[in-house]
Amino acid sequence: MVGVPRSSGCQLCRKRRVKCDEARPECGNCRKYGAQCPGYERAIKFVSGKHTIRSKGSRASRASRDGGAGAAASGSSPSTTSTSSADTTTTTKPNAAVASLAVSPQPNRALFVGTLMDMAQTSLASKDVTTFLGFFCRLRFAELGTVAALDGAVCSLALHLMGKELADDSLVARSRTVYGWSLGALQAALRHPTKWRSSETFCSAVLLCFFELFAGTTSPDTWLQHAQGIATLMEQRGPAAHAQGNDAAILFSFRGVLIMSSLFFPTSDKCFLARPEWRRVLCDASTMSIFSPQAPLSSMQVVNSFFLCLADMPEVMWWGYPIREALLAGRRVNPRRIKQLAELTAANHGRFTEWYGNFQKLGIELKEVPSQDPNSPYQLVLEHPVGWLGSMHMGYWASMLILQELLMKCQWPVDYRESQKEFVHNILRSIETVGRGTMGPFRLGYSIRIVYEFANAEAQRWIISLLDKFSSKYAATDKDTYPSPRVDAQGYS
């Protein structure tokens with residue numbers, strides 16, 4: 001399994017057992033006392049252990065409280081069954097097919113899991129959802145029906161998404177039951193001396209993390225911890241293990257989540273996907289097979305290059321955020337560090353600018369349409385004809401907000417204030433249309449979190465009002481992970 005320490009402070013502060021302010025690249029304590037800050041990378045490692053059979057009971061609800069699949073990825077003991085009060089009230093009589101998942105492998109389990117995947121693809125007739133589900137509905141494992149963690153992960157995500165799309169609370173409740181059971185199976189696979197490397201274990205971990213993103217757990221940041229555990233698993237397996245087949249499809253479907261976890265929960269100065277050996281995997285044309293056969297080559301290339309640009313953003317934030325905070329606080333920053341940050345940021349700005357030029361060649365035209373939301377502060381909003389491309393369009397605007405803010409703080413000889421205002425305005429006016437449907441909040445996750453930092457108080461309060469609605473479909477937009485709306489007159493609307 002994967003073990004992750006609880007403290008998020010630097011290694012020296014954790015060793016001294018003192019509070020760390022977690023400043024980057026070196027913390028305040030190390031800077032104050034002249035010590036070399038050892039950084040924040042956590043000692044994550046695989047630990048093998050003997051398998052033990054435990055009796056059912058309170059252990060299940062205890063693991064559920066400890067954070068679900070995040071617990072599995074961080075070394076806690078997850079549950080093999082779900083006994084929380086929320087589930088028992090609605091799943092007293094789960095159907096026999098779902099209940100059969102929690103027993104030993106049997107011939108009809110493979111048939112059931114395969115049938116459920118087909119049902120999910122059929123029942124979720126919305127193109128919005130099937131675009132997302134396409135990658136895992138096309139996966140074909142010879143071991144389907146015999147790998148407990150994979151069977152449970154597939155079924156829990158499919159049941160949850162169907163339950164939300166069809167407004168069927170019983171399916172949602174059953175999805176949580178299967179999710180709780182599958183956590184124990186995943187942890188057992190991660191402990192195994194050889195199974196931890198398998199495609200089935202990798203896919204199980206990713207699907208359970210997707211479940212947490214949509215369904216949520218008792219902790220709003222569980223998915224971040226779980227994604228970091230998956231990143232470690234991937235690095236241990238190596239780039240070649242993700243270069244083709246199911247593993248490539250899973251990597252491509254999950255790369256955005258991996259980048260977001262590195263951006264918001266960094267453990268080193270770079271996202272591992274930005275390293276040359278991983279970029280080669282992401283650039284490999286053979287992995288295009290994860291896309292729909294009808295997808296044009298130009299669109300696939302634009303999608304891939306967007307994520308290559310996005311993978312560089314965690315490094316910019318790692319070095320840029322502490323310098324920005326120091327400058328805002330009036331502290332002196334070494335001019336050489338400012339120059340290095342400016343050069344790094346300008347290079348990323350150039351790559352995103354080049355990407356946007358290629359994106360525009362797709363001929364995607366935005367239209368202004370009347371708002372259908374009576375609470376919207378905008379009479380006219382931006383209509384994006386393709387939701388997923390709209391998500392990337394918003395992601396580009398959000399990334400440029402970060403890059404141009406840092407360049408201005410570094411005294412770059414360009415005044416970006418007008419374009420900053422335009423980017424904020426475009427993102428805010430796109431939320432209504434790109435955020436529609438079951439997958440809408442998923443598409444908005446990155447851009448809405450970034451634009452919140454640049455919006456004025458009125459716009460921030462409006463965003464907070466939307467989060468309750470979004471988090472009912474996509475738990476990762478929980479407003480508890482957002483700071484309180486600003487009280488100053490700064491920001492854009």
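The values are calculated or read from the model by the stated rules, or taken from the named source; none is laboratory data. All values derive from a computational prediction rather than experimental measurement. Neighbour counts run over all protein chains shown; Cβ positions are idealised from the backbone, glycine included. Only protein heavy atoms, including side chains, enter the accessible area calculation; ligands, DNA and RNA are left aside. Shrake-Rupley method; radii C 1.70, N 1.55, O 1.52, S 1.80 Å.
Amide H contacts of residue 455 (H built 1.01 Å from N, in plane; Pro and chain starts excluded): 492 sit under 5 Å, all sequence-distant by 5 or more or on other chains.
Looking at segment 409-448, the pairs of alpha carbons with a distance over 15 Å make up 52% of the total.
Its Cα centre serving as origin, segment 159-307 has a Cβ charge dipole (Lys and Arg +1, Asp and Glu -1) of approximately 320 debye. Between residue 381 and 369, 371, the built amide H atoms are under 5 Å apart, and every one of these is 5 or more places off in sequence or on another chain. Over 27 Å between Cα atoms, which of 367/469; 339/479; 19/270 qualify? Violating the 27 Å limit, Cα to Cα: 339/479. Shown in residue order for segment 468-480 are the 3J(HN,Hα) couplings computed by the Karplus curve 6.51 cos²θ - 1.76 cosθ + 1.60 at θ = phi - 60°: 4, 5, 5, 5, 5, 9, 9, 5, 5, 8, 4, 5, 5 Hz (x for Gly and Pro).
Subtracting the Cα-Cα distance of residue 218 and residue 169 from their residue separation scaled by 0.36 nm leaves 15.8 nm.
Note on residue 488 and residue 325: the model spin-label points, each 7 Å out from Cα along the C-beta direction, lie 1.5 nm apart.
Stretched out straight at 0.36 nm per residue, the stretch from residue 364 to residue 22 would grow longer than its current Cα-Cα span by 118.9 nm. When peptides 440-446, 111-117 are sorted by average Cβ neighbour count within 10 Å, with the highest value leading, the order is 440-446, 111-117. Residue ranges 179-189, 299-309 sort as 179-189, 299-309 when ordered by packing (mean number of other C-beta atoms within 10 Å per residue, highest first).
Can you give the extra length, in nm with one decimal, that the chain gains between residue 119 and residue 279 once fully stretched, where that is 0.36 nm per residue apart less the Cα-Cα distance? Mind dumping the intermediate values first?
On the way: separation 160, 0.36 × 160 = 57.60 nm, distance 3.52 nm.
Between residue 119 and residue 279, full extension yields an extra 54.1 nm.
A protection proxy built from the mean count of other Cβ atoms within 10 Å ranks the segments 335-347, 422-434, most packed first, as 422-434, 335-347.
Once the cut-off is 25 Å, how many percent of the Cα-Cα pairs in segment 299-492 end up in the long-distance tail? If you can, show how the numbers build up before the last one.
Values: 6967 of 18721 pairs.
For segment 299-492, the share of Cα pairs beyond 25 Å comes to 37 percent.
Pair-distance distribution P(r) for segment 152-275, from all Cα-Cα distances in 5 Å bins starting at 0: 2, 11, 20, 22, 20, 15, 7, 3, 1 percent. Just the protein heavy atoms count here, and of the accessible area of segment 299-492 at 1.4 Å, carbon and sulfur take up 51 percent.
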